[in-house]
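Notes to accompany the following structure.
Bear in mind these aren't lab numbers, they're just calculated from the coordinates by the rules spelled out. Just so it is clear, the model here is predicted, and its values are computed rather than measured. Cβ: placed from backbone, ideal geometry, glycine included. Neighbour counts: every protein chain shown.
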Amino acid sequence: MRDGGCAFPGGSTPPAWADAHHLRHWVDGGDTDLDNLVMLCGHHHRLMHHTDWEVELTEHLRPQFIPPASVDLFRTPIPGNRPDLVS
Ligand SMILES: [Zn+2]
């Protein structure tokens with residue numbers, strides 16, 4: 001998969017263990033395509049749904065994670081993992 005497993009910063013879960021998280025839920029008009037999915041392990045998938053963490057795609061279609069104000073008062077986006085990046 002594009003994100004090479006869990007995309008959460010610091011995550012290292014192999015793709016087989018990761019779920020596809022819909023950036024927009026299908027009831028809100030989200031499509032099941034790669035531009036609308038980010039790979040997350042079960043733990044971080046639940047974190048996105050049950051806490052104030054948010055995830056979005058940058059203009060380069062890389063996931064970035066926005067921490068809740070309880071973690072970072074300024075809610076500075078954190079780039080997701082790029083384990084598939086070959087330099
Ligand atoms: Zn994870």
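For the range 66-81, backbone phi angles converted through the Karplus equation (6.51, -1.76, 1.60; θ = phi - 60°) give residue-by-residue couplings of 10, x, x, 4, 6, 9, 9, 4, 8, 6, 6, x, 10, x, x, 4 Hz, Gly and Pro being listed as x.
Placing dummy labels 7 Å off each Cα toward the beta-carbon, the span from D19 to F74 is 3.3 nm.
Highest mean first, the peptides 42-51, 65-74 sorted by other C-beta atoms within 10 Å per residue fall in the order 42-51, 65-74.
For A7, the residues whose modelled amide H falls within less than 5 Å of its own, excluding neighbours fewer than 5 places apart on the same chain, are M39, L40, C41.
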